[in-house]
Amino acid sequence: MRILRRRDKSDTSGETPPATPLPRSRRTYLPPVLIFAVLALGVGAGGYLISRSQSAALRQQSAKQLESIGTLKSTQIASWARERLADARVLQSDAFLAQAAQSWLTLRQPNVQAQLTRALQALPTQYGYADAVLFDAQGHPRLSATPVDVGRDPTIASTVQRTLASGSVTFSDLHLTLGGRPALAWYAPLMVPGRSAPVAVVGLLSDPNTFLYPLIRSWPTSSRSAEALLVRREGDDVLFLNELRFRAHTALLLSLPLSQPDLPAAEAVRGKTGVVEGKDYRGVAVLSDLEPVAGTPWFVVAKMDRSELYAPIVARQRLILVVVIAILAAAGLVLVLLWSARERREARRLFAAERALRELNLTLETRVSERTTQLTAANQELEAFSYSVSHDLRAPLRAMDGFSQALVDDYGDQLDETAHHHLQRVRVAAQRMGTLIDDLLALTQVTRYEMEPADVNLSALMHEVVDKALEQEPDRHVEVTIADGVHARADSRLLRIALTNIVDNALKFSRGRATARIEFGEAGDEVGGPVYYVRDNGAGFDLTYVHKLFTPFQRLHRADEFPGTGIGLAIVKRVVVRHGGRVWIEGEIDKGATVRFTLST
């Protein structure tokens, strides 16, 4: 049973026609111009490499300088922060101070208050803090080294509560006070034996303007654009913690999004370190060194404008340009003189070569004609030999088959089962040999047949071939799709032989499918013309052995699986080649195969 689906010629099953390459344009270049262009390119490249080498050396030197400054500043800031943390831990372990604070907060003795006040006042004097404040167990400020009121500052209040809850030293990062001044602090819980919660908290308040900010602002060399920044991450932004050189009143107020491209400060808080190029908060191109500050959420960005960095080599680049132009002018003059002399020598050589070529052409046509005649005779002899051998082999094969059958008919009752088996194998071998001879004759006939090209309706021809093939297998369930309106200029008889072999293969190798599918159509153009294809859903093949498919008597499947001699695709190839086209096969194991071919007749 066959199911026929018609498909328009324009349907290419989603395939894109291969692009036709553009014709190559013919260009003629004068050799001296080429030589001068190469020379100019070489000299220009040399000047460029020198300039680039100087720029790279200057960049490397500047990068090392920035890296040294950035590393030094991050190390100094980290050391300063560790010292403040150590001070807080010393206070945390001071049992006397904790006992005194508990006694005074409980009993309010004046003498104990005086001792605590002196202890708090010693911290700003000896260690450079802005203030030292004693907080009770509820987080309220009770005593301080200075008369500054810190009770209303929400950052201080929340940090004291965290210290009381955790019982460990807590760091209050850089923030703005209620008065708009930047500040930071370390808070030490005071513990007494027998109590699990702190009895009080001592806050060491630091003013960044006394040490931290001056350290960041300092730069070891004279520069009009050099600057160090202290930044940290604030949600999805990078927050600038210190005052900026080119933008006033920005400490703890200026923030930029982390997603801003090429922003060195954003790259620093994202975890990048080392020397990078980018654009700073002004949008100016800079070279920056990014360093994290150990033990803190801070990052140091030491940067300098690229225009300042590369200013020393601008004059050198101008000098190099002048030298390159002078060299090219001198080289051009020398080249013109040399080329004139070469042209005279080349004219003499070409005259001699032309005379030799005329003499060679006199004998070339004779040699080509002789070789063509010899090749034609050899091909005719080879075809005659193949045809003669194929016919001469038929008689002994028929005798073998006939006498084997006569032996079975006349003396079958006297032969045992083994003798019957051997005779049957002789007959099968003789019949298979006959089939091979028939296929060899068919291959020879395809070669010997004189072509008569004409316009062929491939769609109609494919219908005839499929109908005839399905007459031999009326019980098969086959779904056939043939594109309408496909035409080609070809020999219809040879093309019918090729399509018959392709369709027979498709039916044979799809015999194991409940519904076999055969599809024919046209899929775009190649350089050699339109590409036609026949696709099936059969057993397919391993692409590793695709080179064997068009070789006579080469098979990729066992004879007990799919019978045949392996001559069909060789016939297909010979037909296509005689039409000036090419044929190839695509496929996968158990996923079917597609035969594609072109016809250039």
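The values are calculated or read from the model by the stated rules, or taken from the named source; none is laboratory data. Treat the numbers as computed from the prediction; the structure is a model and nothing was measured. Because the Cβ atoms are built from the backbone with ideal geometry, glycine has one as well, and the counts that use them run over all protein chains shown.
So, R425, is that one modelled with pLDDT of 80 or more and surrounded by fewer than 20 Cβ atoms within 10 Å (Cβ to Cβ) or not? For R425, the condition - modelled with pLDDT of 80 or more and surrounded by fewer than 20 Cβ atoms within 10 Å (Cβ to Cβ) - is not met. For region 209-240, taking the residues that are part of a loop (DSSP other than H, G, I, E, B) and in contact with a Lys or Arg (Cβ under 9 Å, 6 or more places away or on another chain), the one that is surrounded by the most Cβ atoms within 10 Å (Cβ to Cβ) is identified as A226.
Just checking, does region 90-100 include any residue being surrounded by 14 or more Cβ atoms within 10 Å (Cβ to Cβ), out of contact with any strand residue (DSSP E or B) (no Cβ under 8 Å at 6 or more places or on another chain), in a helix (DSSP H, G or I) and not β-branched (V, I, T)? Within region 90-100, one or more residues are surrounded by 14 or more Cβ atoms within 10 Å (Cβ to Cβ), out of contact with any strand residue (DSSP E or B) (no Cβ under 8 Å at 6 or more places or on another chain), in a helix (DSSP H, G or I) and not β-branched (V, I, T).
In region 577-601, the qualifying residues are those that are aliphatic (A, V, I, L, M) and more than 29 Å from R513 (Cα to Cα), and the one that is farthest from the chain's Cα centre (by Cα) is V577.
Determine if region 503-512 includes at least one residue that is under 18 Å from G580 (Cβ atoms) and touching a helix residue (DSSP H, G or I) at 6+ places or on another chain (Cβ under 8 Å). No: region 503-512 contains no residue that is under 18 Å from G580 (Cβ atoms) and touching a helix residue (DSSP H, G or I) at 6+ places or on another chain (Cβ under 8 Å). Restricting attention to region 101-131 and to residues that are over 60 Å from the mean Cα position of the chain (by Cα) and not in a helix (DSSP H, G or I), the residue that is nearest to V169 (Cα to Cα) turns out to be R108. Residue under question is A490, and the condition is that it be under 19 Å from A593 (Cα atoms), modelled with pLDDT of 85 or more and not aromatic (F, W, Y); does it hold? Here the answer is no, as A490 does not meet what is asked.
If you go through region 251-279 and pick out every residue that is in contact (Cβ under 8 Å) with a residue 40 or more places away in the chain, within 18 Å of E67 (Cα to Cα) and either surrounded by 15 or more Cβ atoms within 10 Å (Cβ to Cβ) or in contact with a helix residue (DSSP H, G or I) (Cβ under 6 Å, 6 or more places away or on another chain) (or both), you end up with 1. Among the residues making up region 501-525, those that are part of a helix (DSSP H, G or I) and either of a type outside the set (D, E, K, R) or under 37 Å from the mean Cα position of the chain (by Cα) (or both) are N501, I502, V503, N505, A506, L507, F509. Taking each residue of region 144-157 that is outside any loop (DSSP other than H, G, I, E, B) and among the hydrophobic types (A, V, I, L, M, F, W, C) and looking for partners that are modelled with pLDDT under 90 and surrounded by fewer than 15 Cβ atoms within 10 Å (Cβ to Cβ) with beta-carbon atoms closer than 8 Å, six or more apart or interchain, yields A157/G151.
Quick one: in region 245-296, of everything that is over 26 Å from Q60 (Cβ atoms) and assigned to a strand (DSSP E or B), which residue is modelled with the lowest pLDDT? Within region 245-296, the match that is modelled with the lowest pLDDT is R247. I35 passes every criterion in (1) over 30 Å from S340 (Cα atoms); (2) in contact (Cβ under 8 Å) with a residue 60 or more places away in the chain; (3) not assigned by TED's automatic domain parsing to the domain that holds S196 apart from (1). The number of residues in region 475-527 being closer than 22 Å to K573 by Cα and among the small types (G, A, S) comes to 9.
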